[in-house]
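Peer 1: Got a structure for you, written out below as structure tokens; questions coming shortly.
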Amino acid sequence: TGKKEDEKEYDQYSGYQGGRKVETFKNIMLRDPEKIIRHAVSGMLPKNKHRDPRLARLHVYPGENYPYADKFKSNK
């Protein structure tokens with residue numbers, strides 16, 4: 001929404017000098033759109049031992065083609 005595509009940034013920091021990597025939302029969407037959804041869902045889950053198993057069960061399918069499309073009827 002709005003300018004998020006250009007202004008939202010995702011950081012990674014290794015702890016070393018010069019070890020900060022910044023990538024925009026737009027670049028991540030082009031390279032790996034699944035990463036955006038996983039990051040968002042990970043932030044919503046509780047920070048405990050159940051988080052990783054729950055994320056392992058998360059399946060993200062980029063685009064409109066996914067294995068269960070025939071199970072859902074469109075409202076069009």
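The values are calculated or read from the model by the stated rules, or taken from the named source; none is laboratory data. Every value quoted in this text rests on a predicted model; they were computed, and no experiment measured them. Note: ideal-geometry Cβ built from the backbone for every residue, glycine included; neighbour counts use all protein chains shown.
Peer 1: Only one of G43, G15 is in a loop (DSSP other than H, G, I, E, B), surrounded by fewer than 10 Cβ atoms within 10 Å (Cβ to Cβ) and without any contact (Cβ under 8 Å) to a residue 12 or more places away in the chain. Can you tell me which? So that I can check it myself, show each step before the final result.
Peer 2: Values: G43 fails: in a loop (DSSP other than H, G, I, E, B).
Exactly one of G43, G15 is in a loop (DSSP other than H, G, I, E, B), surrounded by fewer than 10 Cβ atoms within 10 Å (Cβ to Cβ) and without any contact (Cβ under 8 Å) to a residue 12 or more places away in the chain, namely G15.
Peer 1: Could you tell me which residue of segment 46-76 is nearest to K8 (Cα to Cα), considering only residues that are hydrophobic (A, V, I, L, M, F, W, C) and surrounded by 10 or more Cβ atoms within 10 Å (Cβ to Cβ)?
Peer 2: So the first thing to find is which residues in segment 46-76 are hydrophobic (A, V, I, L, M, F, W, C), and the list is 55-56, 58, 60, 69, 72.
Now drop any that are not surrounded by 10 or more Cβ atoms within 10 Å (Cβ to Cβ), which leaves 55, 58, 60, 69.
Working: L55: 23, L58: 24, V60: 21, A69: 31 Å.
The residue in question is V60.
Peer 1: Taking the condition in contact (Cβ under 8 Å) with a residue 12 or more places away in the chain and basic (K, R), does K4 pass? Lay out the reasoning, then the answer.
Peer 2: On the way: in contact (Cβ under 8 Å) with a residue 12 or more places away in the chain: yes; basic (K, R): yes.
So K4 passes the test.
Table: residues versus (1) within 17 Å of the chain's Cα centre (by Cα); (2) at pLDDT 95 or above.
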{"site": "K8", "(1), (2)": "yes, no"}
{"site": "Q17", "(1), (2)": "no, yes"}
{"site": "R20", "(1), (2)": "no, yes"}
{"site": "D32", "(1), (2)": "yes, no"}
{"site": "N65", "(1), (2)": "no, no"}
{"site": "S74", "(1), (2)": "no, no"}
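Peer 1: Take N27 and decide whether it is in a loop (DSSP other than H, G, I, E, B) and without any contact (Cβ under 8 Å) to a residue 24 or more places away in the chain.
Peer 2: no
Peer 1: Which count do you get for residues in segment 1-22 that are within 26 Å of R57 (Cα to Cα) and acidic (D, E)?
Peer 2: So in segment 1-22, the residues within 26 Å of R57 (Cα to Cα) come out as 10-12.
Going one step further and asking which of them are acidic (D, E), we end up with 11.
So the answer is 1.
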